[in-house]
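Report on the structure given below.
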Amino acid sequence: MKKFNFLKMFVLASIMMPAIMVCAQSKLDKQVMMTIGDQDITVKEFCDVYYKNNLKSDVIEKKTVDEYLDLFTTFRMKVMEAERLKLDTSAKFQKELAGYRKQLAKPFMSSDDITDELVEEAYQRKLKDIRASHILIRCDKNALPSDTLRAYNKAMDLRKRALKGEDFGDLAVRYSDDPSAKDTPATEQAPARPGNRGDLGYFTVFDMVYPFETGAYNTKEGDISMPVRSDFGYHLIKVQSKTDAMGNIQAAHIFLQLPYGASEEDEAAMQQKANNIYNELKAKDGKNWSEMVKQHSDDRGTVGRDGALSSFTVSRIVPEFIEACKSLEIGEIAKPVRTMYGYHIIKLLGKSGVGTFEKESKGLSERIEKDMRSKKSEEVVLKQVRSEYKFKQNDKNLEAFMATIDSTILRKAYEPSDKVDMNATLFTLEGKPTKVSDFVSYIKKNMTPQKYVTPATYASQLYEAFSNETTMDYADAHLEEKYPEFKALVQEYKDGILLFDLMDKEVWDKAVKDTVGLAAFHERNASKYMWEDRVLASIITVSKPESLPKVKALLDSGVELDSLRTALQRDSITHTFVRKGYYQRGDNQFVDQTEWKVGVRNEIASTVDQSTTIVCIREVRKPEPKTLREARGLVTSDYQVELEQKWVQSLKERYPVKINEKVLDKVRKLYK
């Protein structure tokens with residue numbers, strides 16, 4: 001477990017400031033710097049928060065003591081108000097705080113030595129991306145030895161066949177118990193989906209269960225592993241490649257969606273369109289990327305960001321996409337890539353790679369805490385805790401109780417017999433007994449139907465879990481008294497949750513529900529929420545050349561634009577898409593290319609396919625205030641600010657602040 005090294009802290013403090021200042025601050029710490037309402041705030045309380053959230057943190061603009069003082073007092077007043085309203089007594093609050101406390105406790109319940117080894121291992125693995133395939137032979141983690149041996153032998157037989165030259169993908173399709181290896185037929189709810197033939201694509205550390213990850217990283221590129229055991233069964237892993245890790249990837253794409261069941265003709269046309277787009281990009285050295293995204297990408301969610309996808313890692317996107325990214329330098333554009341979804345023209349915007357060990361270690365340690373590999377550390381800590389809290393097991397009483405367990409436990413129907421001594425002690429922690437009755441309650445709560453184990457084996461498994469959990473729970477209950485820094489951290493989270501709940505009650509939710517107040521605020525501030533010049537336009541996209549003359553004839557005949565869709569259906573004019581809306585400058589490239597004058601009609605032919613876009617200007621509007629409905633998000637946000645300002649003023653009246661200027665001046669000098 002983590003040890004609080006006071007000597008180390010003193011040495012570090014001595015380096016950070018002169019010895020005289022350390023002595024001076026130790027005397028200053030206990031002095032009252034201010035009073036908020038009836039609550040005294042010591043110098044230490046303020047300085048701890050100021051140092052952590054302002055000096056120690058990565059905030060861009062550091063605040064002086066006086067600047068931070070206002071933030072601190074407002075925060076404390078809000079927390080005091082939450083406590084006055086007893087928000088900290090609600091079941092919801094208690095549950096949420098317990099969840100955070102559980103996470104915060106993990107570093108204090110782990111072994112530093114083992115964690116350091118795991119962090120180093122994880123860092124070395126993070127340096128490489130792996131692409132691998134696998135064959136899974138299912139085997140329950142509690143399977144009988146005979147069933148386990150049968151699964152292992154089957155995996156070994158398949159490995160021998162693969163090593164002799166049989167195609168690994170063919171073997172995966174025929175024998176793997178991973179359903180993704182095989183083709184999935186179409187259903188009413190979903191189209192058919194091709195199987196991956198065992199290909200898992202790319203992954204790196206933490207993307208797979210730990211035993212599988214270890215098996216993959218311990219297997220050479222091009223080799224097939226020995227059977228690797230996980231909770232799912234046995235895996236044969238074929239490592240296709242190990243390449244330098246890309247880390248977090250930033251990429252943009254122009255996506256051309258290929259509909260399910262597309263014909264060979266449609267496939268060829270889409271491929272040609274993708275090639276034409278790529279050639280236009282290449283001809284202009286990619287300077288027309290933004291324009292081409294807006295004109296052609298079917299991924300409408302990224303068009304407004306010039307095709308930029310959210311940052312991703314290698315395990316999050318199909319391997320063909322990753323292959324293309326790995327072939328590019330930053331800023332380069334790849335030739336069209338075919339995936340199961342269609343065609344992608346990919347531009348690499350950036351990649352983080354892997355930082356130094358110093359930069360990566362903290363994040364890796366946090367991931368390890370949540371990963372199954374942390375059990376290694378937990379096993380070491382369990383031994384330390386049992387020694388520290390004097391765990392002592394009564395073997396005689398345990399054996400006597402275990403002898404009473406029968407097969408009903410395997411059917412989830414166990415009930416102790418009348419002969420069981422429920423008050424018998426199974427073990428003690430610091431002399432405090434845990435009794436048979438406690439274990440019986442645990443059995444009833446946690447037993448599940450079992451197929452592959454004997455009653456004695458299953459009872460032993462349950463007892464091991466019970467004694468381990470009881471021991472660790474005992475240590476957990478003493479964390480606050482053992483580690484002052486943990487106690488302070490929990491208090492910080494408690495205050496944060498209270499503040500969030502109170503702000504939701506007094507500001508955020510109130511602004512949403514107070515429709516009358518919101519409307520009045522909007523009316524008072526209407527000039528802040530204005531539309532720029534805009535037009536009402538109809539945009540007609542004709543994707544097939546043979547349909548264009550018919551569409552133009554309809555428009556020339558004077559058909560009402562609002563009736564155009566009906567007219568297109570009536571005359572069986574296909575491959576035409578109509579939309580209308582209000583547009584400001586920059587909202588739509590085709591509208592921007594059209595003169596903003598009522599009645600103007602503009603035809604814009606595509607340079608990469610056979611489509612034509614027609615823009616019809618129907619109305620031109622000058623700048624005008626947005627309605628509340630149109631600006632609700634912005635108005636609500638601003639109204640929340642006003643509500644908070646008024647509320648904070650009322651808190652200042654309820655909790656008057658008195659500053660001890662002499663003490664405050666001493667604190668100022670500490671941080672000059």
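Compute log10 of I(q)/I(0) for the range 542-672 with the Debye formula, placing one identical point scatterer on every Cα and leaving out solvent, at q = 0.20 Å⁻¹, to two decimals. Each listed q corresponds, in turn, to -1.19.
In the chain, helical runs assigned H by DSSP with n ≥ 4 each contribute -39500 (n - 2.57); averaged across all residues and rounded to the nearest 500, the mean residue ellipticity at 222 nm is -14500 deg cm²/dmol. Only lysines eight or more places from Lys444 in sequence, or on another chain, were considered; those with a Cα closer than 20 Å are Lys412, Lys419, Lys435.
Under the convention that each Lys and Arg Cβ holds +1 and each Asp and Glu Cβ holds -1, the size of the dipole of the range 389-477 around its Cα centre is about 160 debye.
Put simply, the range 329-481 fits an ellipsoid with semi-axes of 50, 25, 10 Å; these come from the alpha carbon gyration tensor as the roots of five times its eigenvalues, largest first.
Could you give the dipole magnitude of the range 612-654 about its Cα centre, charging the beta-carbon of Lys and Arg +1 and that of Asp and Glu -1, in debye to the nearest 20?
Values: 9 positive and 7 negative charges, 21 e Å.
With only Lys, Arg, Asp and Glu charged at Cβ, the dipole is about 100 debye.
With the simple model of a label 7 Å out from the Cα in the direction of the Cβ, Lys622 to Ala605 spans 4.0 nm. Equivalent ellipsoid of the range 389-477: semi-axes from √(5λ) of the C-alpha gyration tensor, largest first, are 23, 15, 11 Å.
From least to most packed, judged by other beta carbons within 10 angstrom and beginning with the fewest, Lys505, Lys370 follow the order Lys370, Lys505.
On full extension of the chain, what length is gained from Glu492 through Ile659, given 0.36 nm per residue of separation minus the C-alpha to C-alpha distance? Working shown, then result.
Values: separation 167, 0.36 × 167 = 60.12 nm, distance 2.30 nm.
57.8 nm is the gain from fully extending Glu492 to Ile659.
Using a cut-off of 18 Å between Cα atoms, the listed pairs Lys487/Lys658; Lys238/Lys335; Lys63/Lys669; Lys273/Lys544 include Lys487/Lys658; Lys238/Lys335 as exceeding that distance.
With both labels modelled 7 Å from their Cα along Cα-to-Cβ, the Val641 to Glu221 distance reads 5.4 nm. For the range 260-299, the residues whose backbone nitrogen is under 13 Å from a point 7 Å from the Cα of Ala186, taken along Cα to Cβ, are 260-263. Distance between the pseudo-spin-label points of Asn446 and Lys30 (7 Å out from Cα toward the beta carbon): 4.6 nm.
Among Arg668, Arg386, the order by Cβ neighbours within 10 angstrom, fewest to most, reads Arg668, Arg386.
Tell me the label only: which of (i) 56, 31, 22; (ii) 55, 45, 26; (iii) 50, 27, 27 is semi-axes √(5λ) of the Cα gyration tensor in Å as calculated from this structure? Computing semi-axes √(5λ) of the Cα gyration tensor in Å and matching it to (i) 56, 31, 22; (ii) 55, 45, 26; (iii) 50, 27, 27 gives (ii).
Cβ-Cβ distance of Lys669 and Glu83, R₀ of 35 Å, FRET efficiency by 1/(1 + (r/R0)^6): the value works out to about 0.60.
The ellipsoid that matches the Cα gyration tensor of the range 256-310 has semi-axes, each √(5λ) in whole angstrom, of 22, 16, 6, with the longest given first. In plain terms, the residue of Cys325, Cys47 with the fewest other Cβ atoms within 10 Å comes first and the most crowded comes last, giving Cys47, Cys325. The value obtained for the range 128-244, namely the Cα convex hull volume divided by the number of residues, is 118 Å³ per residue.
For the chain, the Cβ-based charge dipole about the Cα centre amounts to some 620 debye (Lys, Arg positive; Asp, Glu negative; other atoms uncharged). Counting only Cα atoms, the range 249-351 measures 37, 32, 25 Å along its principal axes, largest extent leading. Report the paramagnetic label zone for Lys284: residues of the range 595-636 whose backbone N is under 14 Å from a point 7 Å from Cα along the Cα-to-Cβ axis. Within reach of a label on Lys284: 605-609. For Thr404 and Thr243, a Förster radius of 51 Å and the Cβ-Cβ distance give a FRET efficiency of 0.30, rounded to the nearest 0.05.
Since every read-out is calculated from the coordinates, none of them should be taken as a lab result. These figures come from a predicted structure and were not determined experimentally. Glycine also receives a Cβ, built like all others from the backbone with ideal geometry; neighbour counts cover every protein chain displayed.
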